[in-house]
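Only one structure is covered here, and it is reproduced in the block below.
The values are calculated or read from the model by the stated rules, or taken from the named source; none is laboratory data. Quick caveat: nothing in here was measured; it's all calculated off a predicted structure. Every residue, glycine among them, receives a Cβ derived from its backbone with ideal geometry; neighbour counts consider all protein chains shown.
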Amino acid sequence: MSAHIQSYPISSFPSDFNTENYGVVLMKGSGVFSVDQINYVYEGCTVLFLTPYQKLKLTSATDAQVFILFFHGDYYCIEYHKEEVACNGLLFNNIYLNPGIPLTQESYDYILGIFGHIQREFSENHLFSESIIKTYIQLILALCSKQKSSRLDDHQSSVGRNPNKHASEFQKLLELHFKKEKELSFYSGKLHITNDTLSKAVKKEFNKTPSQLINERTTLEAKRLLHLTYRSVKEIASELGFHDEFYFSRYFKKSVGCSPKMYREKVGISIEAKMSM
């Protein structure tokens with residue numbers, strides 16, 4: 001299990017794209033990409049980040065090339081390198097943020113150049129190639145983490161002047177209660193507002209409904225536990241508030257496209273889990 005780079009014309013991009021790998025997607029032009037059926041508009045040069053088994057669809061007004069760096073978690077573990085690149089929860093595994101980042105032409109060219117260096121290391125297959133490739137991956141993630149963090153700071157400064165209070169409070173409540181509370185009415189009740197008022201506020205802020213976020217947050221935690229621990233599927237189901245292991249498996253498969261067992265087999269168990277034993 002390693003890393004590789006692939007390119008596609010947008011016009012022939014696979015309609016059922018997903019993979020057990022992490023993905024760094026580099027593209028330019030204008031159009032719409034959707035990740036797990038949520039649409040995002042892009043314009044110009046863009047880089048976006050995918051976790052294993054996220055579904056990506058692309059449409060564009062231009063027939064440009066899309067370049068994707070794939071790497072498996074066993075090859076480069078984002079949890080293990082979290083201190084160096086700070087990408088987990090920023091570039092990857094954050095349901096509240098747009099998974100893409102607008103780039104300048106200069107930044108796009110620079111990252112594409114790194115892709116080219118990685119490709120050459122693949123072809124040379126030198127004694128030190130694996131270490132060099134991992135260093136290049138780390139460089140890309142660190143650069144993009146810096147870029148996204150800066151944009152996020154700007155956004156939060158803007159939001160601070162005009163806060164969406166209901167959406168912000170919903171996010172806090174969801175992080176506290178998602179394991180046990182999966183009904184919209186629980187959250188609107190806590191905030192003393194109607195379901196409709198909460199739905200409009202959340203949709204405006206996150207481009208997703210509260211129900212979508214509840215589902216995504218539950219699924220994200222299920223993926224985390226399958227990848228970062230040796231707990232059984234039954235134990236994970238119980239922790240996430242599912243009394244029936246088989247119902248949890250159906251719930252997970254509907255969201256992700258594969259069973260929890262297959263997800264663990266394909267994505268693997270992180271070095272972090274192995275080190276904590």
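Specify which of the listed residues (E83, E43) is farther than 22 Å from S129 by Cα and either in a loop (DSSP other than H, G, I, E, B) or touching a strand residue (DSSP E or B) at 6+ places or on another chain (Cβ under 8 Å) (or both).
On the way: E83 fails: either in a loop (DSSP other than H, G, I, E, B) or touching a strand residue (DSSP E or B) at 6+ places or on another chain (Cβ under 8 Å) (or both).
Matching residue, one of E83, E43: E43.
Please return the ranges of helices (runs of 4 or more DSSP H) entirely within region 179-275 where 1 or more residues are within 25 Å of N18 (Cβ to Cβ).
The qualifying helices (runs of 4 or more DSSP H) are 195-206, 210-228, 233-239, 245-256, 260-267, 271-275.
Kindly provide the set of residues from region 46-80 that are in a loop (DSSP other than H, G, I, E, B) and among the hydroxyl-bearing types (S, T, Y), ordered by number.
First, the residues of region 46-80 that are in a loop (DSSP other than H, G, I, E, B): 51-55, 61-64, 72-80.
Residues satisfying the conditions are T51, Y53, T62, Y75, Y76, Y80.
Take region 115-149 and flag every residue that is of a type in the set (S, T, N, Q), part of a helix (DSSP H, G or I) and modelled with pLDDT under 90. Break it down stepwise before answering.
Going through region 115-149, the residues of a type in the set (S, T, N, Q) turn out to be 119, 123, 125, 129, 131, 135, 138, 145, 147, 149.
Next, from what is left, pick out any that are part of a helix (DSSP H, G or I): 119, 123, 129, 131, 135, 138, 145, 147, 149.
Scanning region 115-149 gives a single hit, S123.
Quick check on my filter: what residues within region 1-42 are closer than 30 Å to S211 by Cα and hydroxyl-bearing (S, T, Y)?
S15, T19, Y22, S30, S34, Y40, Y42
Go through region 226-240 and count every residue that is surrounded by fewer than 20 Cβ atoms within 10 Å (Cβ to Cβ) and closer than 18 Å to G268 by Cβ.
Qualifying residue count for the region: 5.
Count, please, the residues in region 12-40 that happen to be outside any loop (DSSP other than H, G, I, E, B), in contact with a helix residue (DSSP H, G or I) (Cβ under 8 Å, 6 or more places away or on another chain) and closer than 19 Å to F71 by Cα.
Kept after step one, since they are outside any loop (DSSP other than H, G, I, E, B), are these residues of region 12-40: 12, 17, 22-35, 38-40.
Within this subset, residues satisfying the condition of being in contact with a helix residue (DSSP H, G or I) (Cβ under 8 Å, 6 or more places away or on another chain) are 24, 26-29, 31, 38.
Next, only the ones that are closer than 19 Å to F71 by Cα stay: 24, 26-27.
Looking only at that region, the number is 3.
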